[in-house]
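The values are calculated or read from the model by the stated rules, or taken from the named source; none is laboratory data. Remember, predicted model here, so these are calculated numbers, not experimental data. We place every Cβ from the backbone using ideal geometry, glycine too, and count neighbours over all the protein chains shown.
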Amino acid sequence: MEIIRVEGGHHLGGSVEVAGAKNSALKLMAATLLAPGVTVLTNVPNISDVHIMGKVLKHLGAKIEVRGVHELAIDTSEVSSWEAPYELVAKMRASTAVMGPLIGRFGRAVIAMPGGCNIGARKMDLHFLGLEALGVHFDNDHGYIYAEAADGLVGTTVTLSFPSVGATENLIMAAVRARGTTVIDNAAREPEIVDLIRMLNEMGAKISGAGTPVIEIQGVEELYPVEHRVVGDRIEAGTFLVAGAITGDELEVTGFAPSHLGMVLKKMELMGVQFETTGNGARVRRPGKILPTDIQTLPYPGFPTDMQAQVLALTALAQGSSVITENIFENRFMFASELGRMGADIRIEGHHALVRGVDGFSGAQVVSPDLRGGAALVLAGLVAEGETDVSAIHHIDRGYENFVGKLRSLGAHIERVDVADDTDF
Ligand code: UD1
């Protein structure tokens, strides 16, 4: 079993470049199904979630050539299946992003229902309601969803009751091949959705309103393969910016658009952190103490739930009390009890975390409960007294490319260590 071991208290410095965005790359890979031929994606992060999406596409009949570390050439000309199997969907819920493209290309899809996920129930009702409005009929049998648009897809107006990222993406990827015009009202506005729309338009789609709550899609007969560069990962960038803020050391983070982190930077500025934006990134420094602040997670452009854990770790060292409210996912405070083992003072009440700042963390053995919670525990380890061992790091590997190597290049005393798994007998 591998763990991440961090020795706290060492200064960081220098510059780190983030990879392409996980949440964009996964959807762009799914979208290649819509354009028979070879689509080339560059700036693809080398992370385990991308490997799983690669397996899903291969299962469907796509061929994938890995060119160097960050480039994938995906040949979808001979895709002959429309089934995303349970073994893969169970490993990664985002596998369900192939549903929209498969319906768009073949008029049908068979998708294993994702089970409960460790950050909440994560329903898919909005995906189904929206696709039904476009003419898709759904059956549920033995844990699989059978989707079929027997009479083809017909454009219409879909109003989402919540701006779900996944539902917006699945709807867009089906509607690009519908007859007529589809309008998605109350659509999600995340930069990764803008990236998806940009690639689909390069492929020949006619989509307007990217980055606004109203997206209009005029269906087209055909889409063509393209070459596309994945947008930089704002969440990976935010995580390294918190590393600078928590240690109080000056760092530069490159490879992303600071405007994609607007609310995160604003909140951290209120906490006494300073940013200087550069051409393709930002420098971070914190000259004084960490100040408390209240945060609530919201759909973009609000504060992202994917940065909640990392910034909560920062508030846990603030000079006073903060209230963090998680509005997007239930169960996203699981890392907080692990942080408590390192000396943090956090009380969870429903979807609020009441955080009383403490003077410091002490290194401990902690378990990464999920992707961002795991990253937050590593960040805490950077400033903890002594050693912190973070286990269950497969969660971190899902979304961070070479997290340990990048932190080490900044000066952190951190390594992956093979330890005996005591649960084996
Ligand atoms: C995506 C991101 C994830 C991020 C989240 C919110 C990927 C691979 N994942 O997840 O990192 O944290 O956006 O920014 O891109 N919901 C419903 N019914 C639905 C769909 C969603 O009730 O049909 C609820 C979910 O249970 C959740 C909330 O809406 O409480 C947000 O979900 P959604 O925006 O769909 O997130 P994901 O696409 O799953």
**Study point:** Answer residue from region 340-370, given it is within 16 Å of the ligand (Cβ to nearest atom) and either more than 25 Å from Glu269 (Cα to Cα) or touching a residue at least 40 places away in the same chain (Cβ under 8 Å) (or both) and is surrounded by the most Cβ atoms within 10 Å (Cβ to Cβ) among those
**Key:** Ser368
Check your understanding: Does Thr181 count as of a type in the set (Ser, Thr, Tyr), modelled with pLDDT of 95 or more and within 16 Å of the ligand (Cβ to nearest atom)?
Key -> no
Review point. Residue check: is Ala21 within 22 Å of the chain's Cα centre (by Cα), within 16 Å of the ligand (Cβ to nearest atom) and surrounded by fewer than 22 Cβ atoms within 10 Å (Cβ to Cβ)?
Key: no
Check your understanding: Ser337 fails exactly one of the following numbered conditions: (1) surrounded by 19 or more Cβ atoms within 10 Å (Cβ to Cβ); (2) within 24 Å of the chain's Cα centre (by Cα); (3) farther than 21 Å from Leu270 by Cα. What is the number of that condition?
Key -> (1)
Check your understanding: Which one is surrounded by the fewest Cβ atoms within 10 Å (Cβ to Cβ) among residues in region 95-143 that are modelled with pLDDT under 95, away from the ligand (no atom under 15 Å from the Cβ) and part of a strand (DSSP E or B)?
Key -> Asp141
Review point. Out of all the residues in region 232-264, which are buried (at least 24 other Cβ atoms within 10 Å of the Cβ) and not in a helix (DSSP H, G or I)?
Key: Gly232, Asp233, Val253, Phe256
Point to revise | Of the criteria (1) part of a strand (DSSP E or B); (2) surrounded by fewer than 23 Cβ atoms within 10 Å (Cβ to Cβ), which one Tyr300 fails | key: (1)
Exercise for review: With respect to His51, determine if the residue is surrounded by fewer than 21 Cβ atoms within 10 Å (Cβ to Cβ), within 15 Å of the ligand (Cβ to nearest atom) and modelled with pLDDT of 95 or more.
Suggested key: yes
Review point. Considering region 166-222 alone, what residues qualify as being crowded, with 24+ Cβ neighbours inside 10 Å and among the hydroxyl-bearing types (Ser, Thr, Tyr)?
Key: Thr168, Thr182
